[in-house]
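Input: a single structure, listed below in structure tokens.
Where a number appears in this text, it was derived from the coordinates with a stated rule and is not lab data. The structure presented is a predicted model; accordingly, all values stated were derived computationally and were not measured. Backbone-built Cβ (ideal geometry, glycine too); neighbour counts: all protein chains shown.
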Amino acid sequence: MDFQNFSALAAAARGDVPAELVLRGGNVVNVFTGEIIKTSVAVTNGTIVGVGDPYVGEQEIDLTGKYLCPGFIDGHIHLESTMVTPSELVEQAVKCGTTTYIVDPHEAANVSGADGIDYILNETANVPANVFVMMPSCVPSLPFEDNGCTFDAKEMQKYLDNPRVLGLGEVMDYVSTVSAAPMMAEKLALFDGRPKDGHAPGLSGNELNAYVLAGITNDHECSSFDEVMEKRRLGMHIHVREGSAARNLEPIVKGIVENGQDVSGFSFCTDDKHIEDIHTEGHIDHCVRKAIACGMKPVDAIRMATIHTAQQYGLQHQLGAIAPGMQADFVVLDDLETVAVSRVFHRGADVSGFHAQPKLPMDSPLRQTVHCLPVQPEQLQVPVGDTSPVIRVIPNEIVTGHDTVCLPQQNGLFVPNGEYSKIAVVERHHNTGKVGVGAVSGFGIRGGAIASTVAHDSHNLSVIGDNDGDMLLAIEHLRKIGGGYTLAANGKILHTVPLPIMGLMSDAGFDNVQTELSAMIAKAHEMGVPEGVSPLILLSFLALPVIPSLRITPRGLFDVEQMQFISL
């Protein structure tokens, strides 16, 4: 509450003076009681001063027939994964009703350390939204990773007093957490009593107990209702994730509905969602809409998108509800069932027409982050035996299978075909020359290759294809332009989305990114990538060695469940 202006706010609340703004006659969603009440909301100085009738405003907006909800909150998001600048993401997502973002900038930190985190903070300092940051806990994600920088507890200390820093970001290194490794324990202790985000796909039993004991308060990696319930029974809050590749909402929400589960321990997040998907299907509004379609009551879905997330991060006294003293963040809906967003307010101002103005200087070091040696043809050779380990793609998931099969070969070397593709990950931060290679099933690309410098979380250069020539061409193209996504076929570069900022983001404008991205994705599907597989997002996750079951890094194939590398 703004007590510096309490006298003026109280006068407006009493009705002694007109409020600055009155939203009159709308159907107000009350997330405390579950009611929908036709009433008015009065706002002064960006704060809700009253809910009820009658209020008089200097400005009045008639919302008769419409619904008024609290602004939506994304409980866990990596802004970098949208591929546009943070302010441009807000420009697009605020139109969908998202007024608050709980951001983990570990993608930027893995490439550029504190400079990357500062970029995220600075770029979002003056946007018409609430952008909070969780300090990246695992940079690198595991100790052996070949990333750009190390970000430890000592580096975190200077951010502790920043009012926009809420707690510790997703703790992916569950091995170090469960074993109480000193470096991880130091980070956990630094944020004692503050929110700590989890990242524990498949963690169960005694290990999960030890993980929760460390103070981890939530998890966004659940893919089944059984996994959800094991974690809920231990007190963990569950962010139901619906991103571009990981689409876990339907099975979890259907489980909640069918089992009559209380929704108070649940909220929504996007985690990693491309700007193209935000543009075409929406942001948190899409989560609410899809949950309703899965049978959830609209008010319960809105609770998950608002007050539950605010409570998880200690923001419930200022965000997530429509009540006196709350920040005046609203979403106006034309229809409750379809979650049709009409207008969006932040601190009492209509922000639906916000336009971002990215401001990273052209000579910034954040534009010079691809440092890898040219890859030689022999470095892409994959030796095979009678059987070989294969990464199996699972549609609509970022977890993978771990198969052992007889791969097609010639002279003892793997030869890709329509069923099995070749994958390589090139170290791109320190010119080490490391290249890890392997085989993937279920990706399906024919006649070309896709490459990316977005490769969670170390963001080395990944490429997947069915022939070495196009793979080498794609690698070299990204090496020369400083990062991005590219698609090569028949010896030619067909599509490229340059991502010059840390090899993760573009400031060329949403329209340019979205147009080329859509064309590249459509071409990838035309070349054999099946529906249900998001080609760019999936490629970006195959190098992350903290998600089961089999991954690949510049050091080779990694068995996540055994926490060890596999020899070819």
Legend entry - Length-normalised contact order of the range 70-350 in % [C-alpha pairs under 8 Å, at least 6 apart]: 21 percent
Inset, instruction - Mind checking which of 56, 243, 412 is farthest towards the positive end of the chain's charge dipole, using Cβ charges of +1 (Lys, Arg) and -1 (Asp, Glu) about the Cα centre? - result: 56
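Counting only Cα atoms, I'd like the Rg/Rh figure for the range 365-565, Kirkwood definition for Rh.
0.94
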Legend entry - Fraction in percent of alpha-carbon pairs per bin - 10 Å, the range 211-257: 28, 54, 17, 0
Inset, instruction - Can you give me the three principal axis dimensions of the range 70-350 from its C-alpha atoms, in Å, biggest first? - result: 52, 43, 36
Inset, instruction - Estimate the FRET efficiency between residue 526 and residue 115 by the formula 1/(1 + (r/R0)^6), using the beta-carbon distance for r and 30 Å for R0, to the nearest 0.05. - result: 0.15
Inset, instruction - Kindly express, to the nearest 10 degrees and within the range 0 to 90, the angle between helix 249-258's C-alpha long axis and the longest C-alpha principal axis of the chain. - result: 50 degrees
Inset, instruction - Apply 1/(1 + (r/R0)^6) to the Cβ-Cβ distance of residue 565 and residue 152, taking R0 = 22 Å, and write down the FRET efficiency to the nearest 0.05. - result: 0.35
Inset, instruction - Return, ordered by residue number, the residues of the range 33-51 whose backbone nitrogen is under 18 Å from a label point located 7 Å along Cα→Cβ of residue 8. - result: 42-50
Inset, instruction - Could you pull the Cα extents of the range 215-368 along its three principal axes, largest to smallest, in whole Å? - result: 52, 42, 32
Inset, instruction - Report Rg(Cα)/(2.2 N^0.38 Å) for the range 125-249, keeping two decimals. - result: 1.08
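Sorting check: for 218-229, 380-391, which peptide has the highest mean count of neighbouring beta carbons within 10 Å, and how do the rest follow? Let's see the in-between values first.
Numbers: 218-229: 21.5, 380-391: 17.3.
Taking the mean over residues of other Cβ atoms within 10 Å, the ranking is 218-229, 380-391.
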Legend entry - Sorted by Cβ density within 10 Å, fewest first, the residues 313, 485, 159: 159, 313, 485
Legend entry - Degrees separating the helix 468-481 axis from the principal Cα axis of the chain, which is the longest one: 50 degrees
Legend entry - Label point at residue 430 placed 7 Å out along Cα→Cβ; residues across the range 113-143 whose backbone nitrogen lies under 19 Å: 113-116, 138-143
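Please compute the net charge surrounding residue 301, taking Lys and Arg as +1 and Asp and Glu as -1 over other residues with Cβ under 11 Å from its Cβ.
On the way: positive: 289, 290, 297, 303; negative: 285, 300, 337.
Its environment carries a net charge of +1.
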Legend entry - Ranking of 475, 120 by count of other Cβ atoms within 10 Å, fewest first: 120, 475
Inset, instruction - Could you tell me how many degrees, from 0 to 90 and to the nearest 10, lie between the Cα long axis of helix 510-526 and the main elongation axis, the longest principal axis, of the Cα atoms of the chain? - result: 50 degrees
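Rounded to the nearest 20 Debye, what is the dipole magnitude of the chain about its Cα centre when Lys and Arg each give +1 and Asp and Glu each give -1 at the C-beta? Can you show the working numbers first?
Details: 37 positive and 68 negative charges, 26 e Å.
In debye, rounded to 20, the chain gives about 120.
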Legend entry - Share of Cα-Cα pairs in the chain lying beyond 37 Å, as whole percent: 31 percent
Legend entry - Residues 549, 204, 267, 7 arranged by fewest to most Cβ contacts within 10 Å: 7, 204, 549, 267
Legend entry - Net charge dipole size for the range 3-69 [Lys, Arg +1 and Asp, Glu -1 on Cβ; Debye, nearest 20]: 140 debye
Legend entry - Paramagnetic label zone (point 7 Å from Cα along Cα-to-C-beta, residue 373; backbone N under 17 Å) in the range 407-444: 425-437
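Only Lys, Arg, Asp and Glu count, each charged at its Cβ (+1, +1, -1, -1), so figure out the dipole size of the range 70-350 about its Cα centre, rounded to 20 debye.
It works out to roughly 840 debye.
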Inset, instruction - Quote the relative contact order of the chain in percent (integer), defining contacts as alpha-carbon pairs under 8 Å separated by 6+ residues. - result: 15 percent
Inset, instruction - Give the distance, in whole Å, between the Cα centre of the range 44-61 and the Cα centre of the range 273-346. - result: 21 Å
Legend entry - CD proxy at 222 nm, helix term only [per DSSP H run n ≥ 4: -39500 (n - 2.57); per residue of the chain; nearest 500]: -7500 deg cm²/dmol
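Of the beta bridges DSSP finds with both residues in the chain, what % are antiparallel, to the nearest 5? Kindly include the intermediate steps, with their values, before the conclusion.
Details: 67 of 98 bridges.
Taking every DSSP beta bridge within the chain, about 70 percent pair in antiparallel fashion.
With r as the distance between the Cβ atoms of residue 555 and residue 405 and R0 = 30 Å, compute the FRET efficiency 1/(1 + (r/R0)^6) and round to 0.05.
On the way: r = 22 Å, r/R0 = 0.74.
Using R0 = 30 Å, I get an efficiency of 0.85.
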Legend entry - Directionally averaged shadow of the range 3-69, computed from the convex hull of its alpha-carbon atoms, nm²: 4.5 nm²
Inset, instruction - Distance between Cα centroids, the range 196-219 to the range 137-164: provide it in whole Å. - result: 20 Å
